[in-house]
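Some notes on the structure that comes next.
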Amino acid sequence: MNIRKTRLSTLVIFIFCFLALSLNTYAGSEINVIPKPQKVSLGQGYFSFNPQTKLVYADNALKSVADAYQNVLKNEFSIQVTLQNNKVLSENVIDLQLDSKLGKEAYVLDVQTDKIVCKASGNAGLFYGLQTLAQLIQTENGKSTVPVVFIEDAPVYGWRGYMLDESRHFMGKDVVKQYLDIMARLKLNVFHWHLTDEQGWRIEIKRYPLLTQEGSVGSWSDANAPSAFYTQDEIKEIVEYAAQRHIMVVPEIDMPGHATAVGRSYPEISGGGEGRWKDFTFHPARETTYEFISNIFDEVVELFPAPYIHIGADEVHFGNQSWFTDPQIQKFIKNHNLKDEIGMEHYFVRRVCDIVNAKGRKMIGWDEIVNTGVSPDKAIIMWWRHDKPELLTQALNDGFDIILTPRIPCYFDFVQDDNHKIGRRWAGDFNELETVYNFSGNISKLISSHPKQVLGMQANVWTERIKDKKRLDFMTYPRLMAIAENAWTDNKAANLNYNEFENRVKIFLKYLDQFNINYFNPFNKNSTPEPWGPDRQDVLADG
Ligand code: TNX
């Protein structure tokens, strides 16, 4: 009899558990959040939204976060919540609280059946807690729920970036805003804006109107493409839009190379170039060049509150042939005891670094600036030449802060599938989702001796072969998710695993569907054919 009773109760418990499990799709599985939070403990049951649910904020300083989230809930999930400034905890609330013990971007998200509490030391952490919450909301038949869960989370890196090149092909304001939206959802916090290069100057500078009247005409695929650039008002609008999403915008004004658009507009500033790289450089030996740059930066610092200006400084040797014969440059090299044309280049970088510093900003440059003699407390280095790991090591040994962005696997103009025809490869290598995902694990040895100097990492999208949004989206997603997780989640602590990540990618792809965002679907390749990209025949000189 007793045995029978025990069996019966075991059966009842079993059936109960089975029901509970099948109702709660999360129980026993991972939560579907990208980037994966550092610490997650799943409970039983759900919080359910209803028309009485309130968004409560404990401090007036949090009103802007609450306002913005009220809109997210309404627009994305058709959930209406009313706001209430109230320190008293009650039921049926999302309660935003301050906790000064937490780090700048850290948060705690505590979902219980009767309330959701999100804690952080300020707006940034709360914003990220609410991004996590947005990924946890499930809506079915008009009913929205969130699984009971306790999350403690904070990023490993403070620099989690995405770079867009709008010089080669101009995408425009609406595209940029959508990228900022998705970046925010993925907790990325730096938008590096490559605004000038050979093909086009894309930022209005009032003092030098020809930069946009003439320098903004043309694109990589069409030298006669109509003028396209951002007015200063548009730049301000985008910087503000980004700031609301806790994204810093860092402008890049490329020099002394990649400056053809400047040479076209103001030939007196041009240091020449040759063949395909005509007018590629700024003239490095004229005082007027440095005045010109200083005046441009005066306007740049007004537009961008970020503490950095990126000056490029890459690939000068592509088009500095005329430096070898220009009498003024040759005389300058002699008079200043510079070793040679490379010495001239390094002098230029040091001068520009002084200009940037004098305006209260730190300079960022590509890894060509490692040996220029700029001081590590005045400049930051973006390591991009994956085939030169010694430059990364040297930069770290010299004391520089660095940002990781090696071509393999951080360049999204590289193809992501062996069958893809348009885009770059390097000695046959390319950047599959899995390659990008494994980045933080693979790079850890190279940076382990100087962990504090690694500010973070970013994905770069160069747009020579990307002419429109459809293809830009395709090259960006889903690889951006892998960069976001590498930059946010501590690989060791969270035990990252590609197969498990794939499941979450599938869910995030559905989220992108809501906005008609195009992407490559690595799980169903035929469903997402490679979109056309300009196929001008010239091969990029570096690989
Ligand atoms: C190298 S990355 C460049 C860019 C190109 C890119 C294409 C870097 C600092 N310079 O000018 O667009 O390769 O992958």
Check: Each residue of segment 225-233 in order: what ³J(HN,Hα) in whole Hz does its phi give by Karplus 6.51 cos²θ - 1.76 cosθ + 1.60, θ = phi - 60°, with x for Gly and Pro?
Finding: 4, x, 3, 9, 6, 9, 6, 5, 5
Notebook entry, point to check: If each of residue 224 and residue 421 carries a label point 7 Å out from its Cα toward its Cβ, how far apart are those two points in nm?
Noted result: 2.7 nm
Item checked: Mean-position separation - Cα centroids, segment 500-522 and segment 466-496, in angstrom -> 11 Å
Check: With the other protein chains left in place, how much accessible area per residue, in square angstrom, belongs to the chain at a 1.4 angstrom probe?
Finding: 42 Å²
Note to self: With θ taken as phi - 60° and the coefficients 6.51, -1.76 and 1.60, list the Karplus ³J(HN,Hα) couplings across segment 153-163 in order, rounded to whole Hz; mark glycine and proline as x.
What the structure shows: 8, 6, x, 6, 10, x, 10, 10, x, 9, 10
Next item on the list: Collect residues whose amide H, placed 1.01 Å from N in the peptide plane, falls under 5 Å from the amide H of residue 45; neighbours closer than 5 in sequence don't count.
Entry: 148
Checklist line | Sequence-distant residues sharing a close amide H with residue 271 (under 5 Å, placed H) | finding: 281, 282, 283
Next item on the list: Please give every one of the lysines within straight-line cross-link reach of residue 525, meaning a C-alpha to C-alpha distance under 21 Å, and leave out same-chain neighbours fewer than 8 residues apart.
Entry: 421, 469, 470, 506, 510
Check: Using alpha carbon centroids, what distance separates segment 76-155 and segment 354-415, in Å?
Finding: 37 Å
Checklist line | P(r) histogram, all alpha-carbon pairs of the chain included - 20 Å bins from 0, percent | finding: 20, 50, 23, 5, 1, 0
Next item on the list: Report, in deg cm²/dmol and to the nearest 500, the calculated mean residue ellipticity at 222 nm for the chain, where each DSSP H run with n ≥ 4 adds -39500 (n - 2.57) and the sum is divided by the residue count.
Entry: -11000 deg cm²/dmol
Check: Give me the log10 of I(q) over I(0) for segment 439-524 at q = 0.11, 0.18, 0.20 Å⁻¹, as the Debye formula computes it from C-alpha points; what are the numbers?
Finding: -0.39, -0.90, -1.02
Notebook entry, point to check: Taking amide hydrogens as modeled 1.01 Å from N in the peptide plane, which residues meet the under 5 Å criterion relative to residue 201, leaving out close sequence neighbours?
Noted result: 216, 217
Next item on the list: Could I have the simple spin-label model distance between residue 515 and residue 83, label points 7 Å from Cα toward Cβ, reported in nm to one decimal?
Entry: 2.2 nm
Note to self: Give me a comma-separated list of calculated 3J(HN,Hα) values for segment 65-80, in order, Karplus coefficients 6.51, -1.76, 1.60 applied at θ = phi - 60°, integers in Hz, x for any Gly or Pro.
What the structure shows: 5, 5, 4, 4, 6, 4, 5, 4, 4, 6, 6, 8, 10, 6, 9, 9
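The values are calculated or read from the model by the stated rules, or taken from the named source; none is laboratory data. Bear in mind that the values here come from a model prediction, so they are computed numbers and not experimental data. As a convention, Cβ positions derive from the backbone with ideal geometry for all residues, glycine included, and neighbour counts pool all protein chains shown. We work out accessible area using only protein heavy atoms, side chains counted, and drop any ligands, DNA or RNA first. Shrake-Rupley method; radii C 1.70, N 1.55, O 1.52, S 1.80 Å.
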